[in-house]
Structure formats: C-alpha cells, structure tokens
Amino acid sequence: SETLDTSTSTPSTGQNTSFYLVTVEELEITLPAITGCGWEIYGAMSYERWTHHPDRTLDKTQARLVVFPPFLTDELNWPVYGGGNWNNNFARKGQNPGSRGDKAGECSIAFALYVRTEYKFEPEQKYLLHFGSCGWDKGYALPRETYQDPRGIIAKGNALYEHHRQGFDISVPPPFTDNVMRMRYVPSSTKINRSIFVAFKGTMDTHPLRAQVQRLHNPEKNIVIVGNGNNAYDYWKLLSEATYALVIRGHVSFSYRFSEVVCSGAIPVLLSDDWVPPFDDLVPFHEYGIRVPEAQVHDMIKILSESDRIEERQKRAASFCQEYLITPWHQFDTLMRIALSRVEEKTSD
C-alpha cells in the first residue's frame, strides 16, 4: 500500500478539509481507455504537487474532495509557450487530448464521461477537474453536462463568464513562462515612477482588437504598442519601464501576457470582455488592474489618464504575483487552497 510522504511538500492550507488523489494506476485499472492518453509538463507538475500535498489523504472515505490526474490540462504550456504544438510540452507520452483540432479528443471525452457517470464517489463528495487554457477546449468542447455537474469544481484556464459558476468554479491563470533575462531589469521593475505610460509588444494579427490598439502607438507620448518584429524595444525592458501594460485577447479570450504583466511591476490593463480574471474571487482584479471594455478601446488612453490609485495598484499587482503567480507551484497551491475552501464552505452551509 502507498505511504504518504509530504516531507518536501508545501505547507498545509490550514483548512480542516482533505482531498483524495485518484492515482494514474488506480484510474488505468478502472478506465483502461486512458492508458494510451498523454499529458503535458504542466499537468505532470500539478500531479506531483498533489501527490506530496499535506492536505492529501489516502483514505477516500475521509476526503471531501476528489482530485483526478491532469488529462485535461492541454495548452497550459510550461516552461515555454507551445503554440499549439503537443510535442513542445508533453510529459506523458500518448494521445493528445486535443488531437482533433478544436474538438475534444477521444481521451478527454472518455475521461470526463467516466468521472461524471461511473466513478464511485462517497456521499457529499465534490471533485476537481483541472482544465487547460485553449486548444481544443477554447469553446468548452466537452458535453455541457461536464461543466454543470453540481459535484464538479471546474478549474479552467480561459474561463468564460458564460459558463463560469461564480463562487464555485475557479479561473486558472496561464503559467508564467518566465525568461531569466528579465532579471536584468528587476531593479527598474521595482520602481514606482516609470518612463513609459502604456506598453504592449506582441503578435498583432491574432484578433482585430490588437490592430485597433496598435493605432494608439505614439512614442512621443510614451505610448509604445508594437509588434514582435519591432527590434527597437526589448519585451522585458519595456515591461519594466511601463506604468500600464496591456493584456489583450488573441485567438482566444485568455492571454499568456497576464502573468507576465502582473509579475513585471506594471499595472495590468485587461482587454477581453468574456474572460474571468484568474483567481478573481481570491483577489478581485480591480484591486490591482484596470479593465477596459473592448468597445471602448479608442478611449483607452483617456481612461488610463483619469485612473487613480496608481502606486497602490502597482504594489498590489506585485504582491499578487509573488503570492499566487510567480511559479506553477504557487499557482497549484493557490488552486488547491481555493478548491478546499469551496468544499469547506459547502460542508458548513
């Protein structure tokens, strides 16, 4: 039998609630179809974290929450942005859950159906499903029941308001695909007063909104909005000098810029109407960022010029990064903390 070793784990969440981790070996016995299915590095890291977590119990009957292996974390890329290429970031060899383009693959369909209809839960138990950011699931491609099961907490990247159950589901941030070269600019990134008013550097053809924003580029007024091909501005240096940095939707509603911007010391400016900000019910986005409706993009500079609490927001963004975003492990620990609090709340009601 397995012996639980938490000697290298994160500190406990401090809650009186434990979770049961369904192991890969256990799942492959009860669901043989999953044997040929793979997962990404990010998923493997979360599985390792759950394995050694101090709030994990080996006694399923004592758990209020059941956590499943990460077969649904497609397109939460780490350590590098994968660009939709499975071979860039896979850890467990096998079929990509998103192997049918924008449609859910056979692995994901079989896995989600098994969890919802066949797995034997204890009375009153809830379960956690950890989803990816985009790829096949950018449109919530599994059957609607998957996202509406009252037992299932959906922790999802690219969480959309249309499907998100506020106070129950969890909007997961994109992993911080860190670049150590940003350390060259850490001293300047800690400064409150910065020389660039608004900054963005990225791909401009992934959504019409980005092209609209690019028209606001005006370096004479310290508004720098450029494409990746512009070599006059280093990406990390630009972020370290910006008061405001843009997080603009692209092919899908979420953007990897989110974690990069929040962790740069700039105030994040979110232009994506239907994306639920990550961990928003833990720390509301308005405490450290500014949301500009997509329809008001032409007035963005005026909106930012009239905004207040600049220093407070900068400090709050830096704190949010260091506490919850800076590494995948910070994100996993925060995710579990929220998930266990959901179960504890429901239990005490």
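The values are calculated or read from the model by the stated rules, or taken from the named source; none is laboratory data. Quantities reported herein were computed from a predicted structural model and do not represent experimental measurements. Please note: Cβ atoms are built from the backbone with ideal geometry, for glycine as well, and neighbour counts cover all protein chains shown. Remember, those area values only see protein heavy atoms, side chains included, never the ligands or the DNA or RNA. Shrake-Rupley method; radii C 1.70, N 1.55, O 1.52, S 1.80 Å.
Descriptive notes on the structure:
- Of the residues ARG210, ARG182, the single one that is surrounded by fewer than 19 Cβ atoms within 10 Å (Cβ to Cβ), assigned to a helix (DSSP H, G or I) and in the same structural domain as ASP280 (by the TED database) is ARG182.
Listed here are the residues, each with its yes/no results for (1) outside the structural domain of LYS120 (by the TED database); (2) part of a helix (DSSP H, G or I); (3) at pLDDT below 95; (4) within 12 Å of the chain's Cα centre (by Cα).
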| position | (1), (2), (3), (4) |
| --- | --- |
| GLY132 | no, no, yes, yes |
| GLY139 | no, no, yes, no |
| THR146 | no, yes, yes, no |
| PRO150 | no, no, no, no |
| ALA155 | no, no, yes, yes |
| GLU162 | no, no, yes, no |
| ARG165 | no, no, no, no |
| ILE192 | yes, no, yes, no |
| ALA199 | yes, no, no, no |
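- From the list ASN228, ASN218, the one residue that fits, being open to solvent by 20 Å² or more (accessible area, probe 1.4 Å), more than 25 Å from PRO173 (Cβ to Cβ) and not assigned by the TED database to the domain that holds GLN166, is ASN218.
- The residues of region 45-61 that are surrounded by fewer than 19 Cβ atoms within 10 Å (Cβ to Cβ) and either among the aliphatic types (A, V, I, L, M) or not assigned by the TED database to the domain that holds PRO123 (or both) amount to a single one, LEU58.
- Unique match (being of a type in the set (Asp, Glu) and either in contact with a Gly (Cβ under 7 Å, 6 or more places away or on another chain) or outside any helix (DSSP H, G or I) (or both)) among ASP308, ASP299: ASP308
- Taking region 264-302 as the range and being closer than 21 Å to ASN218 by Cα and in contact with a Pro (Cβ under 7 Å, 6 or more places away or on another chain) as the test, only LEU270 passes.
- Residues of region 271-291 that are assigned to a strand (DSSP E or B) and buried (at least 22 other Cβ atoms within 10 Å of the Cβ): LEU271, TRP275.
- Taken residue by residue, region 240-247 has no member that is within 19 Å of PHE176 (Cβ to Cβ) and open to solvent by 20 Å² or more (accessible area, probe 1.4 Å).
- Which listed residue, of SER259, SER264, SER253, is assigned to a helix (DSSP H, G or I) and out of contact with any Lys or Arg (no Cβ under 7 Å at 6 or more places or on another chain): SER259
- When the residues of region 94-127 are filtered to those that are hydrophobic (A, V, I, L, M, F, W, C) and surrounded by 22 or more Cβ atoms within 10 Å (Cβ to Cβ), the one that is modelled with the highest pLDDT is VAL115.
- Qualifying residue in region 253-264 (condition: farther than 21 Å from ILE326 by Cα and at pLDDT below 95): yes
- Filtering ARG337, ARG313 for residues that are in the same structural domain as ALA159 (by the TED database) and outside any loop (DSSP other than H, G, I, E, B) leaves a single hit, ARG337.
- The residue list ALA339, ALA266 contains one member that is under 30 Å from SER18 (Cβ atoms), in contact (Cβ under 8 Å) with a residue 12 or more places away in the chain and crowded, with 21+ Cβ neighbours inside 10 Å, which is ALA339.
- Selection within region 236-250 - assigned to a strand (DSSP E or B) and of a type in the set (A, V, I, L, M): ALA242, ALA245, LEU246, VAL247, ILE248
- Boolean, PHE279 is in contact with a Phe, Trp or Tyr (Cβ under 9 Å, 6 or more places away or on another chain) and on the phi > 0 side of the Ramachandran plot: yes
- Residue check, THR51 of a type in the set (S, T, N, Q), more than 16 Å from PHE332 (Cα to Cα) and at pLDDT 90 or above: no
- All positions within region 307-329 that are of a type in the set (A, V, I, L, M, F, W, C) and open to solvent by 40 Å² or more (accessible area, probe 1.4 Å): ILE310, ALA318, TRP329
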